[in-house]
Amino acid sequence: MADAALTPAAPAQREPHHFARIFIIWLVATAIADILIWFFLYPHLAPGRLTSSAHGDQYDMTVLLMCAAPVLFAVWLWFGYSCIYFSNRGTVPEDGAWYERDSVAIQVSWIAITSLIVFGLFVFGTYELIAPAGAGGGEGPSAIWRPPGAPSSSYAALHPKPWKPGSHPALLEVQVIGQQWLWTFRWPQFGGMETTSLYLPTNTTIQFNVTSLDVIHSFWPYRLGVKADANPGVNNVAYTTTTGQTHSFTYRCDELCGIWHGDMIGTGHVVSQAAFYRWATTEEKKLAPLTRHLPPYSLTYTPSLHGAGGGLYPQLDKPTPKSTGS
Amino acid sequence: MAIDQELYRPPPPVTPPEGGSWRQRVIPWWPHPNILTGILLGAGGYALGHFLGNVIAGNWARFGNTNMNDVALIIGYLVATLGFLVGIGALNYPVAKIFGLDPPLAKAAPRGLSRYFAYTPDHKVVGWQYLIGMLIYFFTGGMFALAIRTELLFPRYHSHIFNPETYLTIVGIHGTMMMMMMTSVIVGPFGNYFVPLMIGAKRMAYPRLEALSFWLTPPAYIILLSTMLVGGFPTGWTGYAPLANEAVQGMDGYEVAFALMALSLIITSVNMIATIVDFRAPGMRWTRLPMFVWGALTTSVLTALAPPVLFAGLYFMGMDRTVGTALFVDAHGGSSYLWENVFWFFGHPEVYILALPGFAIAAELLPVFTRRRLFGYNVSAAGMIGVCFMSWFVWQHHLFVSGINADMRPLFMLTTEVISIPTGFIYLVAMATLWKGKLRFEVPSLFVLAFYLNFLIGGVSGVFLSDVPVDVTVHGSFFVQAHFHYTIMGGLIFAFFGAIYYWIPKMTGYEMNKTLGWIHFWVMFIAFQLTFIPLFIVGELGMPRRYFEYAPKWATLNQTASAGAYAIAISMIIFVINLVYSMVWARKRSVENPWFSRGLEWQTATPPPPDNFERIPLVLSHPYDYGNPIEDIPVADLRGVPTPAVLAASAAGVSGGSDEIDDPPGPGAGPGDRGGEQ
């Protein structure tokens, strides 16, 4: 069946060096793209540089984009080039070039290159996860990657040292409580008061203790580079460190939690340490009459069986932290 | 292998005795199993089940809005499904066997249009049923997608088209329809239709299970849609647990429908695995198995093992909602992590259940259109097996910020990134097969090229998501949504349409209109990019998924995506017009083998005869040996069971040596052998 009509005519001129052509175009395109990404996209890439974890996420995203660009260009160029040079636009099919057996060298080098990229990314990602203490992600009740000064146990988290401006590196603990469909915040270092607004000081390491009262929510202050699921009965810890920059940020719910999921948003503010301290102490005093009626500060809250009449935190609830396991 | 099939003979047409058989004399026509009796018994079954549920748990009615209780709904759905299956005749054969009677299905299989509405063991009819069913499910899910994009045209404080409850139900039904009803979108239609043809078999291993696997899907579809009548469900397709426990009664429909689909998937996969392992024609070695069959096999391994886990989870959820267990309720000793783990232990293999058939179609079609041997056959199969295997070890990357097993995150980051190595094999094969080929731009090959380009973006963005620090930013955002639409819609659905354009001429004997096909492709391809590239950006900028209202600064990107979604809908309309025009109106006869394929399915008559092959063919060579200048061997000898001498020659890998197979075995055997058209 391999008659003359179907075999391609002998090429009149020398076959161009296709691979070299693709390689050169690829090299130029990759270099341009990576330069553009590093110098022009990186400084503006989400989620910004408001905190250490946000900056870390931004850096990771940039590195991954710079790794993705060559891969994308390689495949696109290869497909595009093949569509132009190795196509047949006639109506009669022609057979492509024949080869006896699959090249082992090509297969082995492909596997080697992809494995190298993958393991490189793994090492990079692991370093970027562990070195900045969990990269702002929720680490569960007993975080193993902690910033300096962070309490190592649930008990220590329940009884934090007081926080004052300038007491670096003292840690500020903020408990984030999700419920349908509202975020509230409790401040163990300020008498366990509960607020609906969120202020954070500059240049401070912050420990978010995220929990929920009903269904799964996810606390996502986007510009802080933090995200932690709020699970009922679980204390999910996430760390970040604010920089010297003051700014406001939006926090949202990132896990579908019912009809007003999209409305669980609010605006927080990173303010100077003095301003924060002023705000916190004023609030503490203002809220003191209400704080007395709250259940004692705890890492998780369980609606009591005895509270069926509508009271979520009757005094029957024990103030000790619930053992959450991991 | 061949012997088993030779034992199977289609039953001879029964000539009824004078005055008809006793059954025909005693029973009028309408109680014979058909779709109308099915619907009738289904409706009756629902009423019965609902009544029983109220008897059992009438005093447990939990919600005022529907005045129903969960027990009544769940039992109603289950009895309705059972009634439907009884009505359509699914139980005739097993029940008759139990009582030692003649199986009623031994009658001659129905002919004509009515067989497409019947419970039939004919794998080609089931393939058609699946194809039409899947298209209906796909278009229904697509309508819900349009509703989502319409609601998201405007940010906050402008006009709302739906209220938040309806919106979340729409989101949930879109997701569930696409992820669950569409799971067998390729293995269902093309697997059932073409796997026997590709491996040289006359039928599937378990024809009645095959019919059952399809006829479980219409009840699931109806039940899923009926959730809208009882308040919908607010959880999306993932059904996260404490929320599912407190949801209104639409949640029950989600559970039952999803469980029925899980059952259907398990049945399909058992049948598929048995067929591929046992029913291969002589000479169809594992090293000659078409790539599509490898894809069907690896997918079936996943669908045999993953849905049982889901089934267990749905059972837990049903117990929580009906009899008052508290498996997912923290306050009573359960855990919200339980559902997350069970669901994603099913859910991540599920994602590859949706990816592997796309790989398979692409690898199957590419050599046909490049007219070049498939590079790295072993690597291609190994890629699919590797993905199939690795997909079991990655599920916790959905829980990177959930607070569970935080110290295991590097491990799951590694496994998730490692899975891109076998996926990379698929790209190596494609790139090397394109190289120095003679690519022809037919409609199916365009869809296959689009598959590779879209899936590339989906896969690379998946590596971003596997990286924990980046995931902290993009987890649960529209970035994720764009990512998996690139893999599933851009990958699987493009491959699905490629397969339709490729195989419809074989299934019907009529050509699809090429111009309309081109328009369909280009509108769909461009609209798809227009829809989902803005969603990558909007997700990276911080917009979470499943939001009903959003910040006005994201309006332009969302409106671009919505415009793209409408354009995708237009491309689908063009496809339907093409399908109806080509198959009903124009009816242009297709040539025997329009793509000059070496695939075994193209060697038999078009459309395939009831028994596929007159005799079980003898497979002589590799399906992808295009343009072999050294020894040009036809892919199979269709003249049946060969003499021992020929068999020995084939087994030794020497072919063409025997007189028996010197002449071409039939029309359309090789690239040059193409009668008729030019």
- Message: Give me the one-decimal nm value for the distance between modelled label points at B:LEU146 and B:ASN59, 7 Å along each residue's Cα-to-Cβ direction.
- Response: 5.0 nm
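Only sites in a loop by DSSP and with at most 12 other Cβ atoms within 10 Å count here; which trypsin sites (Lys or Arg not before Pro) in the range A:220-297 make the cut?
Hits after loop and neighbour filter: A:ARG292.
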- Message: Explain nothing, just the number: dipole magnitude of the range A:150-303 about its Cα centre with +1 on each Lys and Arg Cβ and -1 on each Asp and Glu Cβ, in debye rounded to the nearest 20.
- Response: 500 debye
- Part-to-part distance (alpha-carbon centres) for the range B:570-620 and the range B:321-338, which is given in Å: 52 Å
- Task: Using only the Cα atoms of the range A:150-303, each taken as one equal point scatterer with no solvent, compute I(q) by the Debye sum, divide by I(0), and report log10 of the ratio at q = 0.09, 0.11, 0.14, 0.20 Å⁻¹.
- Result: -0.25, -0.38, -0.64, -1.38
- Query: Around A:GLY192, which amide H atoms from residues at least 5 apart in sequence, or from another chain, sit under 5 Å from its own amide H, with H modelled in the peptide plane?
  - Reply: A:TRP187
- Whole-angstrom gap from the range B:349-380 to the range A:170-246, using each part's C-alpha centre: 47 Å
- Task: Indicate the helices, whole DSSP H runs only, in chain B that combine a mean Kyte-Doolittle hydropathy of 0.5 or more with a Cα extent along their long axis of 30 angstrom or more.
- Result: B:35-57, B:123-151, B:250-278, B:336-370, B:443-466, B:514-540, B:555-580
- Taking the Cα centre of the protein assembly as shown as the origin, how large is its charge dipole in debye, to the nearest 20, when only Lys and Arg (+1) and Asp and Glu (-1) carry charge on their Cβ atoms? 1040 debye
- Scattering from the C-alpha atoms of the range B:331-410 alone, worked out with Debye: what is log10 I(q)/I(0) at q = 0.13 1/Å? -0.57
- Take the Cα radius of gyration of the range B:357-480 and divide it by 2.2 N^0.38 Å, with N its residue count; two decimals is plenty. 1.22
- In the neighborhood of B:GLY542, defined by Cβ-to-Cβ distances under 12 Å, what is the net charge if each Lys or Arg adds +1 and each Asp or Glu adds -1? +2
- Hey, with R₀ at 51 Å, roughly what FRET efficiency would B:LEU36 and B:ALA382 work out to, going by the Cβ-Cβ distance, to 0.05? 0.55
- Under-5 Å amide H pairs with A:VAL270, H placed in peptide plane, nonlocal only: A:LEU200, A:HIS247, A:SER248, A:PHE249
- Helix A:18-36: angle to the longest alpha-carbon principal axis of chain A, degrees 0 to 90, nearest 10? 20 degrees
- Message: How many angstrom lie between the Cα centre of the range B:210-229 and the Cα centre of the range B:431-477?
- Response: 32 Å
- Item | Positive-end residue of A:THR282, A:ALA150, A:SER272, charge dipole of chain A with Cβ unit charges | A:THR282
- Query: Could you list log10 I(q)/I(0) for chain B at q = 0.06, 0.11 Å⁻¹, which the Debye formula gives when each Cα is one point scatterer?
  - Reply: -0.35, -1.19
- Choose one of B:GLY424, B:LEU449, B:LEU414: the residue whose Cα lies farthest towards the positive end of the charge dipole of the range B:365-501 (beta-carbon charges +1 Lys, Arg; -1 Asp, Glu; about the Cα centre). B:LEU449
- Note down the nm distance, to one decimal, between modelled labels 7 Å out along Cα→Cβ at B:VAL95 and at A:THR184. 5.9 nm
- Query: Using Cα atoms only, what is the angle between the long axis of helix A:104-130 and the major principal axis of chain A, expressed in degrees (0 to 90) to the nearest 10?
  - Reply: 20 degrees
- Determine the relative contact order of chain B: mean sequence separation of Cα pairs under 8 Å and six or more apart, normalised by residue count, in whole percent. 12 percent
- Report, by chain and number, residues whose modeled amide H sits under 5 Å from the one on A:LYS227, excluding near sequence neighbours (fewer than 5 apart, same chain). A:GLY137, A:GLY138
- Query: Once you charge only the Cβ atoms, +1 for Lys and Arg and -1 for Asp and Glu, what is the size of the charge dipole of chain B about its Cα centre, to the nearest 20 debye?
  - Reply: 1040 debye
- Query: Expressed in nm², what is the orientationally averaged projection area of the convex hull enclosing the Cα positions of chain A?
  - Reply: 25.3 nm²
- Query: Which pairs in the list B:LYS436/B:LYS514; B:LYS124/B:LYS506; A:LYS164/A:LYS285; B:LYS506/B:LYS588 are over 23 Å apart, alpha-carbon to alpha-carbon?
  - Reply: B:LYS436/B:LYS514
- Message: At a threshold of 8 angstrom on Cα-Cα distance, excluding pairs fewer than six apart, so keeping six or more, what relative contact order does the range A:150-303 reach in percent?
- Response: 25 percent
- Message: Spelling out what I want: for every residue of the range A:172-189, take phi, set θ = phi - 60°, compute 6.51 cos²θ - 1.76 cosθ + 1.60 (Karplus), and round to whole Hz; glycine and proline get x.
- Response: 9, 9, 10, 8, 9, 10, x, 8, 6, 9, 7, 9, 10, 10, 10, 10, x, 7
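Based on a Kirkwood Rh over C-alpha pairs, give the Stokes-Einstein translational diffusion coefficient of the range B:490-578 at 4 °C and viscosity 1.567 mPa s in µm²/s.
89 µm²/s
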- Task: Would you kindly calculate the mean projected area, averaged across all directions, of the convex hull enclosing the Cα atoms of the protein assembly as shown, in square nanometres?
- Result: 43.9 nm²
- Query: Using the beta-carbon distance between B:TRP522 and A:ASP263 and R0 = 56 Å, what value does 1/(1 + (r/R0)^6) give for FRET efficiency, to the nearest 0.05?
  - Reply: 0.90
- Note on the structure: Of all DSSP beta bridges having both residues in chain A, the percent classed as antiparallel (nearest 5) is 65 percent
- Per-residue HN-Hα couplings for the range B:94-100, Karplus 6.51 cos²θ - 1.76 cosθ + 1.60 at θ = phi - 60°, whole Hz, x for Gly and Pro? x, 5, 4, 5, 4, 8, x
- Acute angle (nearest 10 degrees) that the helix A:273-291 long axis makes with the longest principal axis of chain A, alpha-carbon atoms: 50 degrees
- Task: Identify, among B:GLY333, B:ALA262, B:SER391, the residue whose Cα sits farthest towards the positive end of the charge dipole of the range B:261-397, taking +1 on the Cβ of Lys and Arg and -1 on the Cβ of Asp and Glu, with the dipole about the Cα centre.
- Result: B:SER391
- Helix-only [θ] at 222 nm, chain B, -39500 (n - 2.57) per DSSP H run of 4+, per residue, nearest 500, equals -18500 deg cm²/dmol
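Rule-based calculations on the coordinates, nothing more; no lab input. Note that this is a predicted model, so its numbers are computed, not measured. Here the Cβ is made from the backbone with ideal geometry for all residues, glycine too, and neighbour counts use every protein chain on show.
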